[in-house]
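K.L.:
Got a structure here, written out as structure tokens. Questions coming.
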Amino acid sequence: MTVSRPPNGEMKRKLRLSLATWRRLEPKIDRDRSQLNLRSNLAYWLNGAGHSLLFRLQDASHADALKSATPPPPIFVLGFWRSGTTLLHELLCCDPQFGFPSTYACMNPSHFMLSEARASGLKAQRQHTTRPMDSMSYSWASPQEDEFALLALGAPSPYEALIVPSLMRNVKALVDLRLRTSTEQKRWGDAFRHFLLLLTVQQGKTMVFKSPPHGFKLPQLLSMFPQSRYVLIERNPYEVFASNLKLWGTLLNLYALESSSADEIEQFVLAAYLVHQEAIAEGMIMADARRFACVRYEDLVADPIGQMKRLYGELELGNFESARAPLQEYAAKVAGYSRNRLTLSSAQKKRVEDSWGAMIKAKGYCWPEQYLSLAS
């Protein structure tokens, strides 16, 4: 079953990549699976050249501030895709003492310092829409995954697979930064630090970052930012699996320049979850227990204020009472959100249990009858 076709005959969406990023990514496209046409290739080249120029202008216009900026240790929200990282991220970002990369900044990292303030005044930029994979509301001002910005700025990223899904065939090579060349590892570190500097100049606050790919890099992050605080969120693995099938199918429909299959997505999710668990386990051994906390998605949904108060205390995030009111306002706003009810086949359920069964049992989870259906 081929899944990477644009809906209703629409053109594929384009991520706003630098020219250097596109030049490194384009040769990775499998010519036997390619859906790249001359028009899309030319658009990526021209847009890439424009974004590269804007990035240099952005840096030049803030050169003095960038040189003098000293970012506080950021806070990292960790968790596999579809584990509830967005909910936890948005709750933390309710606290005015914290800053965050907005959707606008993550999708326009080459010029957000030059354009976001002006763009935020436009009505279209303030309007909310819903995410295609789960109908959650967001706007250009909402907190977003910094991984999109890092990819656009040239960092090696698992999100290369959004454009080139054949990269999912070698899961470890795609998600484990330590398997990249030393040049690529340095490029990732440089891109992340620079994006952090830009955000610090823009907002002057402790940044809260959320990207599921950061879990794969937890050991490296702990080495880079030993004074940071880290929060891991987990969710029922059966739901995580089913929701990931929808997520990756949706994103590949939007962005992929190769054909891909549902089986390929399924195999990737099964393998990537195991690699993520290994990286998290390795990082938890390294982490300072006073700077690392865990929460379950189910507990956060059931008692968002109580769980956030616990996290504030465990991680010493500051005066919780000063954040209580905006947290309560946000919790009330999302209280009516209805989770998608998805379906797995009996064969898919068996494959999940064959691959993840020991972890599911160790975490104390079982089949979530309320949220998943089992096809006959």
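K.L.:
Might you check whether a residue that is acidic (Asp, Glu) and buried (at least 22 other Cβ atoms within 10 Å of the Cβ) occurs anywhere in segment 276-284?
P.N.:
Within segment 276-284, none of the residues are acidic (Asp, Glu) and buried (at least 22 other Cβ atoms within 10 Å of the Cβ).
K.L.:
Residues SER322, SER355: which one is under 18 Å from LEU91 (Cα atoms), in contact (Cβ under 8 Å) with a residue 60 or more places away in the chain and either assigned to a loop (DSSP other than H, G, I, E, B) or among the small types (Gly, Ala, Ser) (or both)?
P.N.:
Of SER322, SER355, the one residue that is under 18 Å from LEU91 (Cα atoms), in contact (Cβ under 8 Å) with a residue 60 or more places away in the chain and either assigned to a loop (DSSP other than H, G, I, E, B) or among the small types (Gly, Ala, Ser) (or both) is SER322.
K.L.:
Within segment 269-279, identify whether any single residue is in contact with a helix residue (DSSP H, G or I) (Cβ under 8 Å, 6 or more places away or on another chain), closer than 29 Å to LEU218 by Cα and either acidic (Asp, Glu) or at pLDDT below 95 (or both), and answer yes or no.
P.N.:
No, the conditions are met nowhere in segment 269-279.
K.L.:
Take LEU78 and tell me if it is touching a strand residue (DSSP E or B) at 6+ places or on another chain (Cβ under 7 Å), buried (at least 23 other Cβ atoms within 10 Å of the Cβ) and modelled with pLDDT of 95 or more.
P.N.:
Values: touching a strand residue (DSSP E or B) at 6+ places or on another chain (Cβ under 7 Å): yes; buried (at least 23 other Cβ atoms within 10 Å of the Cβ): yes; modelled with pLDDT of 95 or more: yes.
In short, yes.
K.L.:
Further, regarding this structure: With the condition being among the hydroxyl-bearing types (Ser, Thr, Tyr), I'd like the helices (runs of 4 or more DSSP H) fully within segment 153-230 carrying at least 1 qualifying residues.
P.N.:
Values: elements: 160-163, 171-175, 182-203, 218-224.
Qualifying helices (runs of 4 or more DSSP H): 182-203, 218-224.
K.L.:
Any idea which of TYR273, TYR337 is part of a loop (DSSP other than H, G, I, E, B) and within 22 Å of the chain's Cα centre (by Cα)?
P.N.:
Checking each option against the conditions leaves just TYR337.
K.L.:
Answer yes or no as to whether ARG39 is more than 30 Å from ASN236 (Cα to Cα) and in contact with a strand residue (DSSP E or B) (Cβ under 8 Å, 6 or more places away or on another chain).
P.N.:
Taking the combined requirement at face value, the residue does not satisfy it.
K.L.:
Can you find a residue that is surrounded by 18 or more Cβ atoms within 10 Å (Cβ to Cβ), modelled with pLDDT under 95, in contact with a Ser or Thr (Cβ under 6 Å, 6 or more places away or on another chain) and more than 30 Å from LEU315 (Cβ to Cβ) anywhere in segment 44-67?
P.N.:
No, segment 44-67 contains no residue that is surrounded by 18 or more Cβ atoms within 10 Å (Cβ to Cβ), modelled with pLDDT under 95, in contact with a Ser or Thr (Cβ under 6 Å, 6 or more places away or on another chain) and more than 30 Å from LEU315 (Cβ to Cβ).
K.L.:
When you look at ALA49, is it free of Cβ contacts under 8 Å to residues at least 12 places away in the same chain, farther than 26 Å from LYS217 by Cβ and of a type outside the set (Phe, Trp, Tyr), yes or no?
P.N.:
No; evaluated as a whole, the condition is false for this residue.
K.L.:
Of these, ALA105, ALA117, which one is outside any loop (DSSP other than H, G, I, E, B), small (Gly, Ala, Ser) and more than 30 Å from PHE268 (Cβ to Cβ)?
P.N.:
Values: ALA105 fails: more than 30 Å from PHE268 (Cβ to Cβ).
Every option except ALA117 fails the conditions.
The values are calculated or read from the model by the stated rules, or taken from the named source; none is laboratory data. Predicted, not measured: the structure shown is a model, and the values here were computed from it. So basically every Cβ, Gly included, is an ideal-geometry build from the backbone, and we count neighbours across all protein chains shown.
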